[in-house]
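Bear in mind that the values in this text are calculations on the coordinates, not laboratory data. Note that this is a predicted model, so its numbers are computed, not measured. We place every Cβ from the backbone using ideal geometry, glycine too, and count neighbours over all the protein chains shown.
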Amino acid sequence: MDVADIPGVPDWFQGYLESEGIDSLYPPQAEAVDRGVTEGANLVAAIPTASGKTLVSTLAMLSSIADDGGGKALYIVPLRALATEKHEEFAAFEEYGLDVGVSTGNYESDGGWLAGKDIIVATSEKVDSLVRNDAPWLEDLSCVVADEVHLVDDSHRGPTLEVTLAKLQSLNPDLQTVALSATIGNADELAAWLDADLVDSTWRPIELQKGVHFGDALHLEDGSQSRVPVRGNEDQPAAIIRDTLEEDGSTLVFVNSRRNAESAARRLGSTTEPFCSPEESDQLAEIAEEIREVSDTETSDDLAAAVEQGAAFHHAGLARDHRSLVEEAFRNRLVKVVCATPTLAAGVNTPSRRVVVRDWRRYDGTAGGMQPLSVLEVHQMMGRAGRPGRDPYGEAVLVAKSHDELDELFERYVWADPEPVESKLAAEPALRTHILATVASGFANSRSGLLDFLESTLYAQQTAERGRLETVVDDVIDYLDVNGFLDREGSEITASNLGHTVSRLYLDPMSAAEILHGLEDAEEPTALGLYHLVSRTPDMYELYLRSGDEEEYTMLAYEREEELLGSTPSEFEEGFEDWLSALKTARLLEDWASEEEEDEITERYGIGPGDIRSKVDTAQWLLGAAESLATERDLGLGPDIREARTRVEHGVRAELVDLAGVRGVGRKRARRLFDAGIETRADLREADKSRVLAALRGREKTAENILENAGHRDPSMESVEPDADVTVDDEADEPATANDQSNLGDF
C-alpha cells in the first residue's frame, strides 16, 4: 500500500513519511490499515521486532486526533527508558502543530499539565496513578496504545497494565485500543479480551535466521552450515563476534547476570579493538571520558575501559547516562559489541547484525536453581538481529557445548513457538493493590461490582475458575477492611479516608500498614529507623544478604535497636532474614545520606550506581508517602520524616539539607560551599561571589547558574576572582550531572 492511499491521517503525514524515506507500507502495516486502524478499530498487532509496529500505532493515534479535532492519544510503555525514546520519536510531529508530552514519575499527581497535549507517552504505572488521581483529561482520550502488551504475563508489571487498560475502556467505551506485541502463542486471546481485530504476522523487512553454534560451525534453521572456527584463546562468542566484525557487523551478546555481562565485555575488548579505526578509537576515548564523568565508581571505570576497546556492557546497575552513552555509541557503530542482561531486549532500539544468546539458563530463587529462559524471552532477544537499512540480514545464535545441547537448543528455542501469555492478576499482592484502587476510584462499590469489573480483565477471559477469583477477592476485602482501608455497610463497600490516601499515594496497602504500625509509637525517629521502616515494605526491593552479612547486620540490629521502629522479630522467626535484608538496605541509604562516596557504597554493597538511584528513588517516594500517612493520622512526625527524605534525596547530612536543594548544587558542591561558610540557601543568595567562585573551583558558568537558581541579585561572574582565603579539598570537581542523585540513573 502506498502512503498516499492511507485513509484518515492528517494531510501532512504523507509528506512526513516520504521525508523519512517511506513511500509504501510493510505488509503487516497495510493489513492493519485494511482492518480499520485509521478508522477507530481496535487492533492487536502481534508482529516481530523491526516490522513496523510503531508506525501502526502512529497511524491510529494521528487519525484519532484528526478525526474530530479534539482527540487525544495515550501511548503506554513498560519502561522509563522506552518512554524517553518514544517521546523523542513522536516529538518530530510538533513542527506540524501537535503537542507531545511524556510523564513517568510523581505518582501523587493528576498530571493536569498533560491536558493540553495531543499525544502523551507514559509508563503503565504512571497511567494507573493518573486514573487513581482522577485525571479529568483521561475521559477525552480517543486512542490508547499499549506497547509490549505481552508483558501482561509479567508477575510484577502485568497486573497494572491489565487493570489500567480495563479501566480506560470503562471510562470511555468509544476508546480505540491498539495493542502492540511480540509474536506470541495466543494473540487471538488478547484480541478477544480487547474486542479487537488481530494482525498476527511473522513477516520481517530483513530475513532473520536462527541457529546454534557448536564446535567450529554455525548451524542454521534452514539446514545450512557455515564455518565459524574458534581460534587460539577464543571462546565461542568471541569467534562469532570476530566473524561478524570481518563483515563489518555488530553484535549483541545476552548473558544471565550483571557480573557475566561485565566480565564478557572485558574479555571481548581484545576481539573488537583491532577492528576500530584510529578515528573510531579517538571517538571511543571521548565517550569513555564522558562515561567516567557520570559517576566515580569502579563500574564506571570498567565500562569506560571496555568502551575504549570498542566493547561495552549494559545492565540495570548502570546509571541512566551510562546506558544512554552505550546505546548511542552502539547505534553509531562505534561500540562493536554490547554484552547485556535481558533488560536490553525489552523494547529499547538497539538492533545489531548478529545476536548471540550465550546463556539460556538463569538463576531463579523461587525454583532454587538455574532455570531455562522462556521461548518468548529468547525470541525477544533474537529479534534484535538485523537492522533495516543497515544490514542485509540478521542472525541470532545460541551457543551449545555438546551435540546433545545442539539438538536441545533447536528443539527448545529455534523451532519452538512462543508460550501463550497468561494473566497474573489473581495473585493476592496484585489484587490487594488493585481492588483498593478500583473501589477508591469509583469503578466498583460492592463485592458484586468488583467481580463484575474483574470480568473485563484478561484473567476472566482466560479462566473459567470464577470460584478461585471470588475466594481471593474475599480474602483481600477482609484484609483491607481489618486494616482500615475499606468500610463496609451492608453490601456496599467504600474506601475510607485512609484508603483513599493510600490509593492516591500509589502504595501497596501492606506497605501502608507496615509504615503506620512502625510510626504509631515513634518519638523523634532517626534517619536509619525511617529508612529501615520503608525498606521493610513490599514496595522496596531489598538488597540480598551475602555470606557473612547475617552476622554483621544482626550485630548492627543489637547496637542500634532503639532506633528501629515497630516490632523486631526473633532470630528464629521465618521473616528475620528479610528483616535483616531491609536493615542492609537502610544502611546503604544512611551511608548515601551521610555523604559517603559513591564508589565506596557500590564496593561495600556489591551494587552499581544505578542500584543506588533505584533505592534512593523508592525511598524518596515511600518517605513522602509516610509523611502523608503520618499527617493523616495526626502523628506529628512530619518534620522528622521530611528531613530524612530530603537527606536521602540529595545524599547529604542534615546540615546541608537546605543548601543541597538549590538546583545545580548537589552533594559535593553543597559540602564545599558549606565549608566556605555559605551554609544555607539564604547565605548563598547574599553570598560574596568571590567566595562562591573559590568554593566551586573557579568554574564561572557553574557559579553563575547556581547563584541565579538561588535568587542572587547579581549572579554574573564577570571580573570576579576566586577568594584566595577559601580552600577546598583536592578531589576532582565532578559535574552536577554526576553529583546530583537525580542523574544517577534509573532501574
*Could you give the DSSP H helices of the chain that reach 27 angstrom or more along their long axis (alpha carbon positions) and whose average Kyte-Doolittle hydropathy is no lower than -1.0?*
609-632
_Which of rounded, prolate or oblate describes the stretch 428-504 when judged by the alpha-carbon gyration tensor and an a/c cut-off of 1.5?_
prolate
*Select from the stretch 366-452 those chymotrypsin sites (Phe, Trp or Tyr not before Pro) which occupy a DSSP coil region and have at most 12 other Cβ atoms within 10 Å, ordered by residue number.*
W415
*Would you mind ranking S491, S63, S201 by Cβ crowding within 10 Å, fewest neighbours first?*
S491, S201, S63
*Tell me, C143, C276, C339 in order of fewest to most beta-carbon neighbours within 10 Å?*
C276, C143, C339
_Per-peptide average of other Cβ atoms within 10 Å, ordering 245-252, 469-476 highest first_ = 245-252, 469-476
_Selected from S614, L589, G677, residue furthest toward positive end of dipole (the stretch 555-702; charges at beta carbon)_ = G677
*Of the cross-linked pairs K53/K336; K210/K424; K210/K401; K72/K167, which ones have a Cα-Cα span greater than 20 Å in the structure shown?*
K53/K336; K210/K424
*Would you mind putting 209-216, 556-563, 696-703 in packing order, based on average other-beta-carbon counts within 10 Å, highest first?*
209-216, 696-703, 556-563
_Over all directions, how big on average is the projection of the convex hull of the alpha-carbon atoms in the stretch 587-690, in square nanometres?_
7.5 nm²
*Order of T202, T537, T297, T104 under a 10 Å beta carbon neighbour criterion, fewest first*: T202, T104, T537, T297
*Where both partners of a DSSP beta bridge lie in the chain, what percent of those bridges are antiparallel, to the nearest 5?*
25 percent
*Counting DSSP beta bridges in the stretch 208-414, what percent are antiparallel, to the nearest 5?*
30 percent
*Mind checking Rg over Rh on the stretch 447-563, alpha carbons, Kirkwood formula for Rh?*
1.10
*Which number do you get for Rg(Cα) / (2.2 N^0.38 Å) in the stretch 208-414?*
0.98
_Given [x] 28.8; [y] 35.4; [z] 32.0, the label whose value is mean projected area of the Cα convex hull in nm² derived from this model_ = [y]
*asked:* Helix-only estimate, please: 222 nm mean residue ellipticity of the chain, summing -39500 (n - 2.57) across DSSP H runs of length 4 or more and dividing by its residues, to the nearest 500.
replied: -13500 deg cm²/dmol
